[in-house]
Each structure stands twice: as C-alpha cells, then as structure tokens.
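Structure first, commentary second.
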Amino acid sequence: MAVSGFEGFEKRLELHFSGDDPVFNMGLRQLPFDSLEQILHEVQCSVVSAVGNHYFDAYVLSE
Amino acid sequence: SSLFVYPTKIIIKTCGTTQLLKSIPPLLHHALNLGLTISSCRYTRGNFIFPLSQPFPHTSFHEEVVYLEDSLPNHLCYRKASVMPSNITAHVWHVFSACDQTPLVHFPPSDLYTVEICMTELDRTQARKFFRRPGDGKTGDAAGKEMTEIAGIHKINPNALICDFAFDPCGYSMNGIDGDRYSTIHVTPEDGYSYASFECVGSIYDDEDDEDGGDGDDFIRMLRRAVQVFRPGKVSVSVTTATTASHRLWARVAGAMEPLGLKCRSCMADEFPAAGSVVFQTFTARRK
C-alpha cells in the first residue's frame, strides 16, 4: 500500500426537493451553468464534459 | 466525479480530496430561488484509503455528520447516521440520511433501487487500460472514448448514451444515460491503491430472474459486465431501495457475483429515513 496517493473512494450526496410549480417541470435543470460551477467551486472541482436528455443532465467532473 | 441534475433531484459523486458537503449551502440557496425546498438528503461513502489526506469536513464520519446536521434545515427532522461494517476492513459503508416526513413515506418512488459497487485490487492488465499513452495527442474526451471501447465499458449497457473522459496521466470517468436512468463509472488505476466504482439505477419491474435461475436478467448481466471490466480482488455492493423486495435484490447481487469467482464474505442490512433499506455486501475473489 502506498503511503499516499489519489483517493478513489467517492463521497456521494443525493438531495431531493419539492416545489409548488417548477417551471415546465424543469426545476433544478433551470440552474444556470455558472451557478453549477459556483457550487462545484466550493467542492473543489469543475465540469469537464456534459450530456443530457429529456429527463436529466449528466456532467463528468474533474478530480 | 459526476453530477446528475434532475428537476427535483441532484446527485453529486466526487473522489480525491474534494469537499463535497460544502456544496449543500449554495445548493439549498439556489434551489430556494427556484421555489424548491429540500425534502430529503442521503450521503454515503466507503472507507477512505488515505483518510489523513481528507480536508474539512471530511476528516472523519463524525465530522461529516456534524456538518450535515448543521447544514440541513430543521424541517428535515428524521435523521440517521450509521456505519455498516464488514469483515473486509477496507470496505465499510457510511450512511447518513434525513427527510421531512415520517420514514414510512418512501423516497424515491418505491420501485427504484440504487446499486453502488466499490472495487479494489483491480486486475493489473485491466487497470493498465486506464492509463494514457504519453504524447497520444488526444483530448480527454477522445482518450476517454478509446478507453470505453478498449475496456468493454460500452457493452455494459449497450442502450446507454455514454459521456466519457480520460484524465492525464491516468484515470477515467464516464456517465451513461438511458431514458431517466443513469449509470456511472470512475477508475483510479494506479497499482497499490487501484479502485473502480460502478453505480446504476434500476427498477424492480425491469426484469426478473429466469425461472431456471439463469442469467436472463438485465440487472445481473449489467453487474457482471461491470465487474468483469476490472476483475477486482475485493468488492462491496450497496443496494438502496424503498421497495419491500430488498431481500430479493441482495440475493440477486450475490447470484451475479458467484460465477465471477467472487465469494460473499458479509451481508448487512439497515433501514434509513428517506433511503429505505440499505443492504451492504462484500465479496472477495477466490484467487486471493
């Protein structure tokens, strides 16, 4: 075992929300990209690649 | 690392020395501006290989729980934190969950389950596929696509649209999207602390075992393909579900692993608000 190296084991956070009237059922998907980047800045990572469909958006992050 | 954004759900999964929980305050702030209020929270992680390298608030599970308790609003009043042990010391499962309604009300919809697989001691030949060739001149996207094909990751769920990325000099991440379901793989291939994870969402209505107990089950096929990509020495599988069929799910997981030469070493179940039941199983390769 190395004394130190890159930590592979992930931390995983899942949050659910409720609201009266998410616009066109888009809800959190309306968040501007720079708001997502601002949130990820707190985490110390950033978006490197993205894809989405009718249901959700998926981002690959640095780290 | 990955981020999934649904209309009323967000999932962030990060490795390394990221400070994941620091995302909660700004996330709650932005959601509130959209008229959305948090209704449940689930935080999970395995056992860090290098715990002393973790920054605040991830220096211990206790510290993480204190940070979560302080960051979440009071209306998420049903809370539970637990460490699920195993007889493989490197694989321990940490779970925190909170929700705003009685735990008898299920989140998410009761037919869904989430499978999180953590794999260590990866086969060296397989792990080598996740190193960039020096001076390959490729972008992270192009190199990622190459790794997806060479390693056979594109065969795990042939229906999924894959977004992949290769890091320099090594490491790999991919997200697969298939309708409203995601799957994700992350690889740290360095010898001595090699690690890979696979996570996906399924529904109990998707498929069932063949009557003859064969492997006609898409879920089992997908798990097997994912694990075969890495041929790990040690594996842990966490299945989270609000269904009443959790006992069947963990039996199917064990059934998927056995033919790969992975023997079940431990199995533990617990109940959590918002999450439902969490079953944590560990496996080791018979070759070890």
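Quick note: the coordinates plus some simple rules give every number you see, no bench work behind them. In this text the structure is predicted, and so the values were computed from the model without any measurement. Counting neighbours? That spans all protein chains shown, and the Cβs are built from the backbone with ideal geometry, glycine included.
Here are the numbers:
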{"item": "Virtual spin-label span in nm between B:Asp180 and B:Leu161, 7 Å along Cα→Cβ", "result": "1.7"}
{"item": "Value of [θ]222 nm, deg cm²/dmol, for chain B, DSSP H segments ≥ 4, -39500 (n - 2.57) each, nearest 500", "result": "-6500 deg cm²/dmol"}
{"item": "Order of B:Leu112, B:Leu27, B:Leu52 - criterion: other Cβ atoms within 10 Å of each residue's Cβ, fewest first", "result": "B:Leu52, B:Leu112, B:Leu27"}
{"item": "Separation in nanometres of the label points that stand 7 Å from Cα toward Cβ, at A:His41 and B:Gln101", "result": "3.7"}
{"item": "Gyration tensor verdict on segment B:115-193 (Cα atoms; rounded if a/c is under 1.5, prolate if a/b is larger than b/c, oblate otherwise)", "result": "oblate"}
{"item": "Total charge dipole magnitude, the protein assembly as shown, about the Cα centre, Cβ charges on Lys, Arg, Asp, Glu only, Debye to nearest 20", "result": "1080"}
{"item": "Signed unit charges on C-beta, dipole axis of the protein assembly as shown, positive-most listed residue B:Ser236, A:Leu15, B:His247", "result": "B:Ser236"}
{"item": "Residues A:Glu42, B:Glu64, sorted so that the one with the fewest Cβ neighbours within 10 Å comes first", "result": "A:Glu42, B:Glu64"}
{"item": "Segment A:22-63 shape via C-alpha gyration tensor axes, a/c threshold 1.5", "result": "oblate"}
{"item": "Over 25 Å (Cα to Cα) - which of B:Lys145/B:Lys234; B:Lys155/B:Lys234; B:Lys13/B:Lys155; B:Lys9/B:Lys234; A:Lys11/B:Lys234 fall in this group", "result": "B:Lys145/B:Lys234; B:Lys9/B:Lys234"}
{"item": "Cβ-based exposure ranking for B:Ile49, B:Ile88, in which fewest neighbours within 10 Å come first", "result": "B:Ile88, B:Ile49"}
{"item": "Label-point separation, B:Asp136 to B:Tyr205 (7 Å along Cα→Cβ), nm", "result": "4.1"}
{"item": "Extension gain from B:Glu69 to B:Asp168, taking 0.36 nm per residue of separation minus the Cα-Cα distance", "result": "31.9 nm"}
{"item": "Solvent-free Debye scattering, log10 I(q)/I(0), computed from the Cα coordinates of chain B at q = 0.09, 0.13 Å⁻¹", "result": "-0.43, -0.94"}
{"item": "Only Lys, Arg (+1) and Asp, Glu (-1) charged, at Cβ; segment B:1-113 dipole about Cα centre in debye", "result": "160"}
{"item": "Rounded to whole Å, sorted largest first: equivalent-ellipsoid semi-axes of the protein assembly as shown, Cα gyration tensor", "result": "28, 24, 21"}
